[in-house]
Amino acid sequence: MSTPTIFCLHALGSSRLEFEPLAERLGDDFEVVAFDLPGFGEANRAEGLSVDEMVDGVIRKIRRHGSTRFLLAGHSMGGKVATLVAARILDGSAGLFGLTGVVLLAASPPSPEPMSDESRAQMLGWAATGRIDHDAARTFVDDNVGAPLGAAADERALADVQRSRAEAWTAWFERGSREDRSDEVGTLDVPAVILAGGADGPLGEDGQRRLNLPVYGRADVVVLEGAGHLLPLERPDEVAAAVRTLWREHAGRGPEVPVDVGRVIASGRTNTRTRRILARRALADRPSYEPRALTPAQLETLRAVAARVVPQTGEPIDLAARVDSQLHRGHSDGWRNVALPPDPEAYRLALTALAGFGDLSEHARDETLTAIVDGSWTPPAGTLTADQMTLWFEDCRVDLSRTWLAHPATMARVGFDGFANGGDVQRIQGFHLLAADTREGWEPLPHPTHDHDTQEAAR
Amino acid sequence: MRLDGMRTYSDDEIVDAVVIGTGAGGAPVLATLAERGLRVVALEAGPNFDPHEFTPDENQAVDINWMEERLTDGANPTAFGANNSGRGVGGSTLHWGAFTPRPDPRDLKLHSDSGKGVDWPIEHAELIPYIERVEHFVGIAGPESYPWDPSRKYLMPPPARNASSDMMMRGCEALGIRATDAPAALTTVDRHQEHAGLRPACSSCGSCHQGCRSGAKVSMDTTYLPLAVAHGAEIRPDSMVTGIELDGQGRVSAVVYLRDGVEHRQRCAALFLCAGGVETPRLLLHTGLANSSGQVGRNYMAHGATQVWGTFETEMRSHRGYPSSIITEDTLRPDDADFAGGYLLQSLGVVPLTLATTMVRGGGLWGRELVGAMDGYRYLAGVGMNGECLPSDDNVLTLSDEKDAYGIPKARVAFSSGENEEAMDRHAIRTMTAIVEAAGATSTRVLARTAHTIGTARMGDSADSAVVDADGRSFDVPNLWIADNSVFPSAVVANPALAIMALGLRSAEKFLAA
């Protein structure tokens with residue numbers, strides 16, 4: 001497994017330095033990469049200050065970095081940027097691949113940030129002279145912490161506020177924070193954790209639940225009691241723990257797409273729609289997926305069947321959950337044998353017939369499936385007939401194997417790179433070397449499985 | 001395709017003709033009538049696509065397929081969906097394989113020659129000029145010299161060969177079977193298509209079946225439909241026909257269709273039904289029209305399309321390149337045949353989900369065997385057949401009790417291979433296995449499947465035994481014409497699209513002359 005990267009986007013008035021405590025705590029298992037956003041930290045510029053320009057800049061930096069397996073973290077203002085970057089990765093337009101999860105730290109939402117006119121005016125006033133002085137910085141830091149920071153962190157926070165470009169400061173309060181980008185973001189079905197300071201203001205728990213949680217369909221909210229707004233400085237231990245939990249239980253699950261394959265998906269050889277499809281399909285399954293077409297017991301049985309139909313080694317794809325989701329969405333392959341009831345009903349009846357399948361020995365499971373194939377397995381009354389079981393199992397095998405193969409990690413495993421046969425141009429790139437044992441320079445090398453049994457079968 | 005700025009007609013205007021379906025049948029009809037100045041409207045059930053939005057992703061590419069559920073029956077139930085039916089402006093030519101052999105003269109005289117099947121009511125010699133016009137207009141690439149028809153000329157050099165092509169050429173040469181580059185409906189040099197713009201040379205991307213993004217492959221939305229629109233035809237996408245109305249004289253007076261959930265009624269002086277081998281008979285059975293012969297829905301045919309895959313010691317990676325670039329017609333009438341008719345063979349490239357589906361359905365695989373077979377994907381190359389299918393009384397399309405989202409009964413299609421198909425399949429498997437082995441395969445795997453939906457509204461000389469006459473005109477409803485693969489009285493060995501386009505031109509001209 002490659003080391004995942006976590007790209008960190010800081011808050012207004014801060015800099016990449018605010019993530020140093022986090023980097024110290026995560027550095028053994030993550031590559032922590034923090035950027036200075038324009039006008040802050042060492043990015044002492046008065047251009048590129050709009051939200052869109054910040055988003056473009058972050059996308060360029062991630063592309064230059066080259067990671068294909070990463071989390072995106074955003075603090076306050078950086079949270080809005082992170083959400084917009086995530087949206088553009090997942091819709092394919094960023095030309096990036098490998099977003100696995102999002103960490104929001106007291107994050108500004110894609111909709112207008114809740115802020116009183118009074119505090120907006122106060123903070124704009126600090127930058128009116130073109131420079132933010134020590135007193136203003138002092139007030140800003142004090143207003144944004146739940147309890148005083150340690151001396152080193154406090155000094156860092158004060159210094160970062162004062163070296164912020166007044167234009168960047170003003171741009172955020174006058175424009176960036178007010179932009180409503182919620183329509184273009186929609187909802188993002190990416191693993192996420194939303195951290196809120198229990199003593200924060202409008203971007204505290206209520207604000208996060210009201211404004212960010214609806215955007216992230218599968219986020220957990222973690223409230224850090226007593227913390228203010230400067231979470232990376234105030235509570236680096238808890239933030240690090242939340243990142244590890246997100247990775248271990250959600251974002252890092254499932255098979256890994258090899259780096260060279262990820263880079264080809266990100267590249268101009270893959271068109272935007274295909275990149276969008278693959279980005280979403282590569283996201284980890286929900287560990288607590290609740291079935292929508294099947295009952296929980298039927299889903300468990302289908303998982304047990306899937307493990308025999310498509311035996312996976314390493315981190316598995318939850319094929320059963322994905323098939324359930326397709327059944328719920330009314331996905332059809334265009335036909336059905338007249339002897340079978342409609343697909344969801346056939347699945348429900350067949351899996352009811354197979355109740356307890358998961359408790360059988362591996363050998364007994366395969367015997368059962370073999371008997372289903374040849375029509376000699378007798379299902380319980382009130383479910384399907386033996387012949388219907390045979391027909392259903394053929395459909396079920398197709399659904400499971402297609403779902404397995406559609407994942408980019410499986411495409412890498414079997415050596416398929418045809419998803420990258422042309423980008424968003426009329427003269428698509430295609431293939432020029434077509435003969436046996438030829439491979440173009442851009443093509444990923446084979447990533448065969450190390451599973452000896454299936455290698456034997458392949459031969 | 002671009003539809004902005006096209007001429008439009010109101011539902012109340014009695015247009016000269018309505019064309020149902022914009023695929024290989026409807027598009028040439030629409031263009032021919034529009035070119036003559038007729039006011040014509042095409043109703044297409046599916047959407048109008050921007051080809052740049054097509055994706056090679058197999059799961060999502062089914063947007064261009066007819067995925068409304070059909071019910072299958074019989075010993076060899078047809079797998080519909082992505083395999084054989086299109087939906088959208090361009091119809092099945094959006095996803096077809098562009099493999100364009102011509103019908104063989106012997107196939108149109110199958111009954112005279114073998115006593116099996118039926119003869120076509122059209123002479124081969126009469127069909128060929130239409131085929132040549134189609135080939136010239138859409139642009140077909142092919143070999144400089146075609147071994148089975150030396151008089152034939154193709155406009156463009158053949159598509160580039162891939163590892164499967166080299167494999168099949170090697171195997172055939174070792175066995176003394178003649179094989180050559182296949183005729184393919186795609187550009188191999190940049191081509192300016194009248195009214196459609198530039199169609200760049202094919203880039204060998206391998207995604208023909210997922211929709212051609214560059215316009216290199218012939219599809220109706222890059223050939224006949226732009227011509228039709230340029231001459232004043234209107235194409236209405238997302239328009240599902242649900243009914244056909246007759247006047248007091250028993251002539252079609254209007255077509256009822258649903259668009260955005262609203263029912264419309266387009267008045268017309270004539271109707272061309274070009275919805276394909278399933279939707280055409282379904283609509284006729286649903287409306288109860290044109291069926292005094294009782295032949296609507298009967299004689300459903302599917303080409304035998306069994307494949308033999310070999311595992312090689314070299315990486316074949318046959319998703320690269322045009323998938324079926326080699327052909328042999330040596331098997332059209334084998335000397336040792338114990339069946340009527342014959343088959344042709346093509347080299348095969350394939351994409352993984354399609355292959356896995358065939359491995360499950362046609363090869364019975366699951367578990368470690370399936371995973372192992374897919375782990376060997378990049379070493380696979382194959383040969384596939386396209387074989388004659390005889391019409392049979394047992395193979396019939398009827399209406400089911402279940403209704404679709406439009407309230408129309410779903411089609412129920414029964415298909416079982418007969419003795420002739422099975423004998424041919426055995427012969428083809430022997431030939432294909434020999435080719436693949438002679439090319440160096442270390443192991444082989446046979447995957448059974450069928451392709452194409454043919455028959456169900458056959459043409460013939462008699463109102464007692466056919467739905468339409470040799471021109472495509474209904475015996476029962478004088479201003480109703482059918483131009484698609486449903487009129488084929490026998491399957492014909494060649495893949496159907498070229499003949500469908502030719503019949504479309506011919507029926508339209510017969511209509512104009514009538």
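Among all positions in the range A:253-261, there is at least one residue which is at pLDDT 95 or above, β-branched (Val, Ile, Thr) and not in a helix (DSSP H, G or I).
Please find, within the range B:361-391, the residue that is nearest to residue B:318 (Cα to Cα) out of those that are among the small types (Gly, Ala, Ser) and in a loop (DSSP other than H, G, I, E, B).
Of the residues in the range B:361-391, the ones among the small types (Gly, Ala, Ser) are B:362-364, B:367, B:372-373, B:376, B:381-382, B:384, B:387.
Now drop any that are not in a loop (DSSP other than H, G, I, E, B), which leaves B:362-364, B:376.
Working: B:362: 20, B:363: 19, B:364: 22, B:376: 12 Å.
Ranking the candidates gives B:376 first.
For the range A:322-335, does any single residue satisfy the condition of being surrounded by fewer than 18 Cβ atoms within 10 Å (Cβ to Cβ), away from chain B (no Cβ under 14 Å) and at pLDDT 95 or above? The answer is yes; a qualifying residue exists.
Just to check your reading of the model, which residue among A:87, A:94, A:82 is out of contact with any Lys or Arg (no Cβ under 9 Å at 6 or more places or on another chain) and among the small types (Gly, Ala, Ser)?
A:82
Within 14 Å of another protein chain (Cβ to nearest Cβ) and touching a helix residue (DSSP H, G or I) at 6+ places or on another chain (Cβ under 7 Å) - does that describe any residue in the range A:283-299? Within the range A:283-299 (the criterion being within 14 Å of another protein chain (Cβ to nearest Cβ) and touching a helix residue (DSSP H, G or I) at 6+ places or on another chain (Cβ under 7 Å)), the answer is no, since none of the residues qualifies. When B:233, B:254, B:275 are screened for being free of Cβ contacts under 8 Å to residues at least 40 places away in the same chain and within 17 Å of residue B:40 (Cα to Cα), only B:254 passes.
Could you list, in sequence order, all residues of the range B:426-468 that are part of a helix (DSSP H, G or I), surrounded by 21 or more Cβ atoms within 10 Å (Cβ to Cβ) and either of a type outside the set (A, V, I, L, M, F, W, C) or out of contact with any strand residue (DSSP E or B) (no Cβ under 7 Å at 6 or more places or on another chain) (or both)?
Pass one, the range B:426-468, residues part of a helix (DSSP H, G or I): B:426-438.
The next check asks that each one be surrounded by 21 or more Cβ atoms within 10 Å (Cβ to Cβ); those that pass are B:428, B:431-432, B:435-436.
Passing the criteria: only B:431.
Would you mind stating whether residue B:42 is crowded, with 18+ Cβ neighbours inside 10 Å, at the interface with another protein chain (Cβ under 10 Å from one of its Cβ atoms) and either among the acidic types (Asp, Glu) or not in a loop (DSSP other than H, G, I, E, B) (or both)? When the stated conditions are applied, residue B:42 does not pass them.
Quick one: is residue A:426 surrounded by 20 or more Cβ atoms within 10 Å (Cβ to Cβ) and of a type in the set (S, T, N, Q)? In short, no. Residue B:358 satisfies every condition listed in (1) farther than 30 Å from residue A:362 by Cα; (2) assigned to a helix (DSSP H, G or I) except (1).
Filter the range A:410-422 for residues that are closer than 18 Å to residue B:323 by Cα, within 7 Å of chain B (Cβ to nearest Cβ) and of a type in the set (A, V, I, L, M, F, W, C); which is farthest from the chain's Cα centre (by Cα)? Spell out the reasoning first.
From the range A:410-422, those closer than 18 Å to residue B:323 by Cα are A:415-422; that's our starting set.
So of that shortlist, the ones also within 7 Å of chain B (Cβ to nearest Cβ) come out as A:415-416, A:418-419, A:421-422.
From what is left, the residues that are of a type in the set (A, V, I, L, M, F, W, C) are A:416, A:419.
Numbers: A:416: 23, A:419: 21 Å.
That would be A:416.
Go through (1) among the charged types (D, E, K, R); (2) assigned to a helix (DSSP H, G or I); (3) surrounded by fewer than 21 Cβ atoms within 10 Å (Cβ to Cβ) one by one and return the number of the condition residue B:421 breaks. So residue B:421 meets the others, but not (3).
Might you let me know whether the range A:402-413 holds any residue that is polar (S, T, N, Q), at pLDDT below 95 and either outside any loop (DSSP other than H, G, I, E, B) or buried (at least 18 other Cβ atoms within 10 Å of the Cβ) (or both)? Write out each step before concluding.
Going residue by residue through the range A:402-413, those that are polar (S, T, N, Q) are A:403, A:410.
Going one step further and asking which of them are at pLDDT below 95, we end up with none.
Looking for residues that are polar (S, T, N, Q), at pLDDT below 95 and either outside any loop (DSSP other than H, G, I, E, B) or buried (at least 18 other Cβ atoms within 10 Å of the Cβ) (or both), one finds none in the range A:402-413, hence no.
The residue that is farthest from the other protein chains (Cβ to nearest Cβ), counting only those in the range A:423-450 that are of a type in the set (S, T, N, Q) and more than 27 Å from the chain's Cα centre (by Cα), is A:438.
Scan the range B:396-419 for residues that are within 14 Å of chain A (Cβ to nearest Cβ) and within 30 Å of residue B:115 (Cα to Cα) and the total you get is 8.
The residue that is nearest to the other protein chains (Cβ to nearest Cβ), counting only those in the range B:356-374 that are surrounded by fewer than 24 Cβ atoms within 10 Å (Cβ to Cβ) and farther than 20 Å from residue B:384 by Cβ, is B:372.
In the range B:473-491 there is at least one residue that is over 19 Å from residue B:288 (Cα atoms), among the aromatic types (Phe, Trp, Tyr) and modelled with pLDDT of 95 or more.
Within the range A:127-156, how many residues are under 36 Å from the mean Cα position of the chain (by Cα), outside any helix (DSSP H, G or I) and free of Cβ contacts under 8 Å to residues at least 60 places away in the same chain?
Within the range A:127-156, the first condition is being under 36 Å from the mean Cα position of the chain (by Cα), and the residues that meet it are A:137, A:140-156.
Adding the requirement that they be outside any helix (DSSP H, G or I) leaves A:144-150.
From the residues that got through so far, the ones that are free of Cβ contacts under 8 Å to residues at least 60 places away in the same chain too are A:148, A:150.
So the count comes out to 2.
Does residue B:157 count as within 12 Å of chain A (Cβ to nearest Cβ), without any contact (Cβ under 8 Å) to a residue 60 or more places away in the chain and surrounded by fewer than 20 Cβ atoms within 10 Å (Cβ to Cβ)?
no
The values are calculated or read from the model by the stated rules, or taken from the named source; none is laboratory data. As the structure is a prediction and not an experimental result, all values here were calculated from the model. Positions of Cβ are generated from backbone atoms using ideal geometry, with glycine treated the same way; all protein chains shown enter the neighbour counts.
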